[in-house]
Amino acid sequence: MGEVLSQNEIDSLLQALSTGELDMDEMQNDGEKQVKSYDFKRPAKFSKEHLRTLEIIFEHYGRLLSTNLPVYLRKNIQVAVISSETVTFSEFSNALSNPVILGIVNFLPLQGNIIVELAANLGYAMIDRMLGGQGNPLDKTREFSEIEMTIIEKIMVICMQLLREPWKNILDLSPVMDRIETNAQFAQVIAPNDMIAIVTLNVKIGEVEGMMNICLPYFTLETVMDKLNTKFWFSTMQENAEENYQEYIQPLIQKVDIPLKAVLGKSVVSVSDFMNLQVGDIIRLNSKVDSELDIYVGNIRKFTALPGANKENYAVRIASVVREEE
């Protein structure tokens, strides 16, 4: 039951209303609860926590691209995460231009696909670098030829394989490149009204700059949405850090081939003498016959040794180990 006002309180309230000290509309609004509108066409399936975790994943992915792609393109590459947002798939597809590079990736073991969109100017720059050019984009965009698409597919497969490591804290991925489309109309992998998360990366190849968009449908990530939070992410990282990888790393290192060379000595000769060298000529070195040789592992002086022979082969016997401080 509401509070009962006295006659004096009623008279004071009427007096305040008549003089304008109180506003009836404000009094009514104060008693109402604020209602937040909800758009059923754009359900909020990705929270800010989900988007933040996706940004962390693709920041790691960007670092992998920056260190692995230069091996193939022989060019400095910088990758940074710009933003993450949620939109409907129709909004994403309608914003695409033609031609466009769309990699349809089967996100195994999850059900469904993701889409990796690469800006056309980046594609032209990559093709130019792979064919020995300076990595310049075209002045005017055009359709990609079959040879160019083969080159692009190779690069996209490399980018797809690099997705495994950033996602290992969530699940063990086995992504497979389904196909590459250059027309957005042929990349309708989900319903137009389905919600997707888009993580946008800024990619700079030399002086050429463009965008890479990663389209992640909610349908694909639905089974791992509970793991897309920073608390789970960092707890998993801590567990992995406590593991001992020595038994896994040591066999891999033992299989690595390294160059080993023994330097008999050094000498300085003129170009004319070098050009006139014949079989049987003697070159005087700066070392003696009984002195120790320098043994190099790669370009690092690591051992000293004495020359000799092993059956019919030349050989050296290690005499000492050269420490780093030496």
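Could you list, in sequence order, the residues of the range 258-304 that are among the charged types (D, E, K, R) and out of contact with any strand residue (DSSP E or B) (no Cβ under 9 Å at 6 or more places or on another chain)?
Going residue by residue through the range 258-304, those that are among the charged types (D, E, K, R) are 261, 266, 273, 281, 284, 288, 290, 292, 294, 301-302.
Within the range 258-304, K266, D273, D281, R284, K288 qualify.
Looking at the range 169-180, can you tell me whether even one residue there is at pLDDT below 80, surrounded by 14 or more Cβ atoms within 10 Å (Cβ to Cβ) and of a type outside the set (A, V, I, L, M)? For the range 169-180, residues at pLDDT below 80, surrounded by 14 or more Cβ atoms within 10 Å (Cβ to Cβ) and of a type outside the set (A, V, I, L, M): present. Restricted to the range 280-297, and to residues there that are surrounded by 10 or more Cβ atoms within 10 Å (Cβ to Cβ) and closer than 16 Å to A319 by Cα, the residue that is modelled with the lowest pLDDT is S291. Quick check on my filter: what residues within the range 65-110 are in contact with an Asp or Glu (Cβ under 6 Å, 6 or more places away or on another chain), under 22 Å from I205 (Cβ atoms) and either outside the structural domain of V189 (by TED's automatic domain parsing) or not in a strand (DSSP E or B) (or both)? Once the filter is applied, which keeps residues that are in contact with an Asp or Glu (Cβ under 6 Å, 6 or more places away or on another chain), under 22 Å from I205 (Cβ atoms) and either outside the structural domain of V189 (by TED's automatic domain parsing) or not in a strand (DSSP E or B) (or both), the range 65-110 yields only P99.
Would you pick out the residues in the range 247-263 that are closer than 22 Å to P307 by Cα and surrounded by fewer than 10 Cβ atoms within 10 Å (Cβ to Cβ)?
Going through the range 247-263, the residues closer than 22 Å to P307 by Cα turn out to be 258-263.
Once the filter is applied, which keeps residues that are closer than 22 Å to P307 by Cα and surrounded by fewer than 10 Cβ atoms within 10 Å (Cβ to Cβ), the range 247-263 yields I258, P259.
For the range 133-176, the set of residues classified as under 13 Å from Y72 (Cβ atoms) and either assigned to a loop (DSSP other than H, G, I, E, B) or among the hydroxyl-bearing types (S, T, Y) (or both) consists of G135, L162, listed by residue number.
Among the residues of the range 111-132, count how many are under 17 Å from Q78 (Cβ atoms) and assigned to a loop (DSSP other than H, G, I, E, B).
Of all residues in the range 111-132, those under 17 Å from Q78 (Cβ atoms) come to 118-119, 121-122, 125-126, 129.
Filter again for assigned to a loop (DSSP other than H, G, I, E, B), leaving 119.
Final tally of qualifying residues: 1.
Scan the range 63-109 for residues that are loosely packed, with under 14 Cβ neighbours inside 10 Å and among the basic types (K, R) and the total you get is 1.
The values are calculated or read from the model by the stated rules, or taken from the named source; none is laboratory data. Model, not experiment: these values are computed from the prediction. Cβ atoms come from the backbone with ideal geometry, glycine included; neighbour counts cover every protein chain shown.
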